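The values are calculated or read from the model by the stated rules, or taken from the named source; none is laboratory data. No experiment lies behind these values; they were computed from the predicted model shown. So basically every Cβ, Gly included, is an ideal-geometry build from the backbone, and we count neighbours across all protein chains shown.
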Amino acid sequence: MKRLLILVLLGWVSSHAIAQDPQFSQYYQVPLYLNPGFAGITSQQRVSIAHRVQWPNLPQAFATYAASYDIFVDELRSGFGILATTDKMGTAGWRTTNFSLLYSYKVKINDNLVFSPGLSFGYGFNGLDRSRLRLGDGLEYGNISLDDALFRLNNQQYFDFGSGFLLYSRALWVGAAFAHMNQPNISILNDESRLPMKITVHGGARLSLARNTFRKRTERSSYLTPSFIYRKQGPISQLDLGMNYHIDPVSVGLWYRGKPFGQSLSGSVAQDALVFTMGLYLKNLTIGYSYDFSISELSAASGGAHEITLVYEFVAKPLNRAVKKKNKIIPCPTFNKKENFWK
């Protein structure tokens, strides 16, 4: 009975998840996936890799990968990035893959405030493995189905367009992103099934716990980073709210994820998960891990979700000093900034 319940829930979730984007609990470690305004947000080059396995106890776990590279070009006051994502779910091997080019421009409003609008141009394709499908009539004719719908299944290719912006100072940031603004057709049945536009609003702060700004260099940096992210895509809405505590080079965090403007199957406020995060911040490398403990109808039967992220930053080739001084911008106070980053 328990296995049957899991299969029923998986079928219901899969039918609703196909038209929704995958998500990352450590969204601050995959910034280009969150908002194109983050492209080139640091003065270094950056490579980010993320892997997420969701609901591992179900017959076929959802697996998502993301990889990105971005750089800030001083002469152009612009950030450029490349993002690739792939998401696989279900026993039929449904896979969605996207490649995107991102661009952002840095507007230095004053010495303490930067505005960073960005654009994303993408190409995607999705589909499933027909050889894994088992239809009712196929059971009668030696696993060979005569259903015409089976032969109409094709991989769908589409162009994607998005935009976003980020406004930040040394201690605060707020932004919004608009993905799938063209609402591409993702149907694999030569029909029409539009991917809804996703609206994301996010923000946070970096709160130093130091007693004074003239503390000794030997003292370890400690600070809090409360943050939130609100997503809405079609009829689905979701809020992530939490805080990370940092004492270099380690951080831990606790987050809540829910759907405050939606209802669960039972009609109550839809709860999703509690998220525990850990991070190790080395000189140029950041390693992150998070676990989602489900508090929804799936409960512990789903196995929650595991997520691992790697972020590597390396110095860009030095440019003309006059150019760098003129176009130098303050970095965004996201979660992976070292103690001496502001100097």
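Within the range 282-295, can one find any residue that is touching a Ser or Thr at 6+ places or on another chain (Cβ under 9 Å) and modelled with pLDDT under 85? Taking every residue of the range 282-295 in turn, at least one turns out to be touching a Ser or Thr at 6+ places or on another chain (Cβ under 9 Å) and modelled with pLDDT under 85. If you go through the range 229-242, how many residues are under 20 Å from F276 (Cα atoms) and surrounded by fewer than 17 Cβ atoms within 10 Å (Cβ to Cβ)? Residues flagged as under 20 Å from F276 (Cα atoms) and surrounded by fewer than 17 Cβ atoms within 10 Å (Cβ to Cβ) within the range 229-242 amount to 1. Pairing each residue of the range 27-45 that is surrounded by fewer than 22 Cβ atoms within 10 Å (Cβ to Cβ) with any residue that is in a helix (DSSP H, G or I) and modelled with pLDDT of 90 or more, provided the two are 6+ apart or on different chains, yields C-beta distances under 8 Å for Y27/Y33; Y27/L34. Checking each residue in the range 75-92 for being crowded, with 22+ Cβ neighbours inside 10 Å, at pLDDT below 95 and over 16 Å from N126 (Cβ atoms) picks out only G79.
Yes/no matrix, rows are residues, columns are (1) more than 30 Å from K108 (Cα to Cα); (2) modelled with pLDDT under 95:
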{"site": "S14", "(1), (2)": "yes, yes"}
{"site": "A19", "(1), (2)": "yes, yes"}
{"site": "V30", "(1), (2)": "no, yes"}
{"site": "T42", "(1), (2)": "no, yes"}
{"site": "A50", "(1), (2)": "yes, no"}
{"site": "V53", "(1), (2)": "yes, yes"}
{"site": "N57", "(1), (2)": "yes, yes"}
{"site": "Q60", "(1), (2)": "yes, yes"}
{"site": "A67", "(1), (2)": "no, no"}
